[in-house]
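Computed from the coordinates by the stated procedures, all read-outs in this text should not be read as laboratory data. None of these values were measured; they are calculated from a predicted model. No Cβ is skipped: glycine too gets one built from the backbone with ideal geometry, and neighbour counts run over all protein chains shown.
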Amino acid sequence: MDTRDRADLTRAPQTIAFAGAKQASRGLSRWLLSVAQGGSPERAFATACFPAEAAVKRVQAALRHGGRDTGRVMSEESTTPDQVELVRGLVDALDRCDVDTVASFHARDAVLEAAVGRFEGVAAIRGFSEDWLANYEEFAATLEEVRNLGSGVTFSVIRQQGRLVGSSGHVQLRNAMVNVWVDGVIARTITGPDIDEARAVAERLAEERA
C-alpha cells in the first residue's frame with residue numbers, strides 16, 4: 001500500500017457521537033471518504049456528523065468509570081483459560097470480514113461502547129459491523145498488541161486499513177479495545193483511539209473484578 005495515498009485517522013476527534021447504527025454508518029462513510037480525498041479529520045467530522053451531547057457524555061463516562069453500567073448486572077467472570085487466543089480469533093474474523101463469526105464472539109446481551117455510540121445486544125453490534133465494513137472495497141485488520149489482564153479482562157490494539165468504496169485512497173485507523181469476557185464470550189467492549197486511556201481503563205477493570 002502506498003503511504004502517499006493513506007490517510008491516518010488515529011488522531012480523529014473523540015467528542016462526536018451518532019444516534020443509531022445506520023446513522024453512524026452514513027456519517028462514518030462520509031467522514032472516511034472526505035479524509036481519503038485529502039480533507040482533514042476535524043473538518044470531515046464537522047461535515048459528516050452532528051454533536052450528540054448525551055451520547056458523548058455516556059461514552060466518556062464509560063471510559064472514566066471502566067464501562068460499568070448500573071442498569072445491568074454482570075454475570076460471573078469468564079473461566080476461559082486463554083482469552084488472548086479468543087481475541088486473536090476475533091481479529092482474524094474481522095480481517096476476513098466474517099461478520100457472522102465476529103458476532104459469535106459476543107454474548108446475546110453484549111454492549112459495545114465506542115466513540116461513535118453505544119450498541120446494545122449482539123444484533124445491534126452485528127449490524128454496526130456490517131455497516132462499517134460496507135464502507136470498504138478492501139479491508140485488513142491487524143492485531144498489534146494483546147494482553148490478558150486477568151479477571152476476564154483483555155486489552156488489545158488493532159490497526160484497521162483499507163480502500164473505501166468508490167475511492168482510490170486508503171485510510172488507516174488504530175484503536176484500542178477493552179473486552180470483558182464472561183463464560184467464553186464478550187459481555188462488554190470499550191473501544192476508541194486513545195490507547196493510553198483505554199489501557200488504564202482495562203487495568204482498572206481487571207483490578208475491580210479481581
### Query
Expressed as a whole number of Å, what is the distance separating the alpha-carbon centroids of the range 86-125 and the range 141-204?
11
### Query
Taking the Cα-to-Cβ direction at Thr101 and at Ala123 and moving 7 Å from each Cα, how far apart do the two end points lie in nm?
2.5
#### Entry: FRET E, pair Asp109, Glu138, Förster distance 30 Å, beta-carbon r, rounded to 0.05
0.35
### Query
Using a simple spin-label model with points 7 Å from Cα along the Cα→Cβ vector, what separation in nm is obtained for Glu130 and Arg159?
3.1
### Stretch gain in nm, segment Ala210-Ile195, where the contour uses 0.36 nm per residue and the Cα spacing is subtracted
3.1 nm
### Task
Mind giving me the nanometre distance, one decimal, between the label points for Asp92 and Glu203, set 7 Å out from Cα along Cα→Cβ?
3.0
